[in-house]
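Have a look at the structure below before the remarks.
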Amino acid sequence: MRGHLIAVVLAALSVVLITFLIPVLILIRRDADHRVTLAAMQQAAELIPLTHNLVPSSLPTHPENGFAVSILAAGGAAIGVPVPRSPSVQAALASCRTSTSATDGGIEVLLPVRDGPACATVIRVLASDDAIVAESRLLTLLSLTLSAAATLIAVVLAERLARGLLRSVADLAAVADRMADGYLTARVRPAGPAEIRRVGDQLNLLALRVDHLLDERSQRNADLTHRLRTPLTALRLDIDAIPDSPATQRLLADYDVVTKAVNEVIRMARRPPSGHVPQQCELTAIARERIEFWAALAEDTGRLIGRDLPAEPVHVHASPADLEATFDAILSNVFAHTRPGVPFWVSIIREVKGGALVRVDDAGSGFADLAAIRRGHSSIASTGLGLDIARQTAEESGGNLRLGRSPQGGARVQLLLGGARPPRRPIPPLPRG
């Protein structure tokens, strides 16, 4: 943008300078012609009293300082620079009138000298083009120098103006980028021209409005989720009224999981947005924990769970809560959309460049529509949000989610998670001596 602004200033200044310089140079040329003509007439007038006493050696036979002086007599004698008798010389002798005319070599001044009733002699002074150029050189150089100085000053001022303007625009763009990254507390310090200050003020108002809307939505979601506590309390009372048995213990465990999930939703809803804070966790432990959780239901429904988990820890860019919700969403889909007794397999493959590939395969009928990862889309009676939760977790970690067909002919959910560095081990303190 700085280059474009300087180019615009130079283009405008060039038009102004051309419009200014052409008349000035024409006036300088005309002024030089006038000065040279006066100088030639002055030289000719100084020679009038000496025309009768001049001898051939009295005048130089070659031009000096750009002026060629000749004295031509009517009888044919000539003194000074030899020149042919042109029609203009003959006309001056015949009319006895002073004349000035432009010739190929410069400006010719003819001054007849009256001797009685007629003019027997004419003084000719030719001011050459070199004399005219020498006379106009100083003013021409001065005009060009002033034009160059004006151009340089304009470029410097345009560069400083562009720098200040771009600084304001760069600050505005930086704050907009931070807001786009989720840092809604970023604000613009309005500076620069009035239009840019107005944009900065409007961007600040927009951030406040978005922050207010997000806060309202969070409060509304927290309030709606909080209403689940009443039926959960009633459910806990009903569970406590059931005689103790393995089924009761499973119900209590399920109740604890649901209560934990509700509390986590309320906490996340009430937490103020603070941008995308990078989080990381160990994938294998969470996968093993969630498989163990669903293993009880798999045993009840006659399902076999295959596991292929790495022995070494695998650290990925995701929060533990997001990974737990992702595994629960994928595994619950297997139970909801396949018949009892259909086995499924969970495998984790460590990526060479970091991260991991999570695969969940089943031996069911597979996906009827690969558009199932569209948020809210479902071909059966469900919310259509399960796979979208997994997709969002994968994309926030720097990976992706893909659907396909498993080797057993069923569905395959493939989750690529971005890698993270393992947490540093604390350095033990040195023993005191």
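Here, each number is a calculation from the coordinates, and none is a lab measurement. Note that this is a predicted model, so its numbers are computed, not measured. Note: ideal-geometry Cβ built from the backbone for every residue, glycine included; neighbour counts use all protein chains shown.
Report the local net charge at S168: Lys and Arg +1, Asp and Glu -1, summed over other residues whose C-beta lies under 12 Å from its C-beta.
Numbers: positive: R163, R167, R189, R197, R198; negative: D171, E195.
After counting each charged neighbour, the total is +3.
I'd like to compare 27-35, 150-158: which one has the highest average count of other Cβ atoms within 10 Å, and what's the full order after that? List each step's numbers first, then the result.
On the way: 27-35: 15.3, 150-158: 13.8.
Packing order, densest peptide first, comes out as 27-35, 150-158.
Using only the Cα atoms, what convex hull volume per residue in Å³ does the range 102-181 have? Kindly include the intermediate steps, with their values, before the conclusion.
Values: hull volume 11.1 nm³, N = 80.
Value for the range 102-181: 139 Å³ per residue.
If pairing requires two Cys Cβ atoms under 4.7 Å apart, which cysteines of the chain are left without a partner?
C281
Relative contact order for the range 2-135: what is it in percent, counting Cα pairs under 8 Å that are at least 6 residues apart?
On the way: 190 pairs, mean separation 34.6, N = 134.
The value is 26 percent.
In sequence order, what are the phi-derived ³J(HN,Hα) couplings for the range 123-134 according to the Karplus relation 6.51 cos²θ - 1.76 cosθ + 1.60 with θ = phi - 60°, rounded to whole Hz, with x for glycine and proline?
Karplus values, whole Hz, x for Gly and Pro: 9, 10, 10, 10, 8, 6, 4, 5, 5, 5, 5, 4.
Equivalent ellipsoid semi-axes for the range 156-268, as square roots of 5 times the alpha carbon gyration tensor eigenvalues: give them largest first, rounded to whole Å. Kindly include the intermediate steps, with their values, before the conclusion.
Values: eigenvalues 638, 35, 5 Å².
Largest first, the range 156-268 gives 57, 13, 5 Å.
So for the pair D201, S365, with labels modelled 7 Å out along Cα→Cβ, what separation do we get in nm?
Simple spin-label model gives 6.3 nm for this pair.
Where the centroid of each part is defined by its Cα atoms, how far is the range 103-170 from the range 57-93 in Å?
Here the two parts' Cα centres lie 29 Å apart.
Using the Karplus equation 6.51 cos²θ - 1.76 cosθ + 1.60 (θ = phi - 60°), what ³J(HN,Hα) coupling, rounded to whole Hz, does each residue of the range 298-306 give in order, writing x for Gly and Pro?
5, 5, 5, 9, x, 9, 9, 10, x
Taking every eigenvalue of the Cα gyration tensor of the range 68-125, multiplying by 5 and rooting it, what semi-axes result, largest first, whole Å?
On the way: eigenvalues 61, 33, 16 Å².
Value: 17, 13, 9 Å, ordered largest first.
What is the spread of the Cα atoms of the range 281-417 along each of their three principal axes, largest first, in whole Å?
Projected onto its principal axes, the Cα set of the range 281-417 covers 36, 31, 26 Å.
If you consider only alpha-carbon coordinates, what radius of gyration and Dmax does the range 1-76 have, in Å?
Taking only Cα atoms of the range 1-76, I get Rg and Dmax of 24.1, 78 Å.
Show the residues, 5+ positions off or on another chain, whose built amide H is closer than 5 Å to the amide H of G366.
Under 5 Å from the amide H of G366 lie the amide H atoms of A411, each far enough along the sequence or on another chain.
For the range 102-233, what does the relative contact order come out to in percent, with C-alpha contacts under 8 Å and a separation of six or more?
Relative CO of the range 102-233 lands at 12 percent.
A191 to N53: FRET efficiency via 1/(1 + (r/R0)^6), r the Cβ-Cβ distance, R0 51 Å, to the nearest 0.05?
On the way: r = 84 Å, r/R0 = 1.64.
Efficiency computed from Cβ-Cβ geometry: 0.05.
For the chain, what is the calculated [θ] at 222 nm in deg cm²/dmol (nearest 500), taking -39500 (n - 2.57) for each run of four or more DSSP H residues and dividing by its residue count? If you can, show how the numbers build up before the last one.
Numbers: 9 runs with 224 residues, N = 433.
Only helices count here, giving -18500 deg cm²/dmol.
What list of ³J(HN,Hα) values in whole Hz, one per residue of the range 69-76 in order, does the Karplus curve 6.51 cos²θ - 1.76 cosθ + 1.60 (θ = phi - 60°) give from phi, with Gly and Pro shown as x?
10, 9, 10, 10, 8, 5, x, x
Bin width 5 Å, origin at 0, all Cα-Cα pairs of the range 2-135: what percent of pairs per bin?
The calculated distribution, bin by bin, is 2, 10, 18, 18, 14, 9, 6, 5, 4, 4, 3, 3, 2, 1, 1, 0.
Would you kindly work out the equivalent ellipsoid of the range 163-229 from its C-alpha gyration tensor and give its semi-axes, the square roots of five times the eigenvalues, largest first in whole Å?
Values: eigenvalues 235, 23, 6 Å².
Working through the eigenvalues yields semi-axes of 34, 11, 5 Å.
Which whole-number percentage describes the relative contact order of the chain, with Cα contacts under 8 Å and a sequence gap of 6 or more? Each step should come with its number before you reach the end.
Details: 593 pairs, mean separation 41.7, N = 433.
About 10 percent, as a whole number.
Counting Lys +1, Arg +1, Asp -1, Glu -1, what net charge surrounds M179 among other residues with beta carbon under 15 Å of its beta carbon?
Values: positive: R178, R187, R189, R209; negative: D171, D177, D181, D201, D211.
Here the count lands on -1.
Could you tell me the largest-minus-smallest coordinate of the C-alpha atoms of the chain on each of the three principal axes, in descending order and whole angstroms?
The Cα atoms of the chain stretch 157, 70, 45 Å along the principal axes, largest first.
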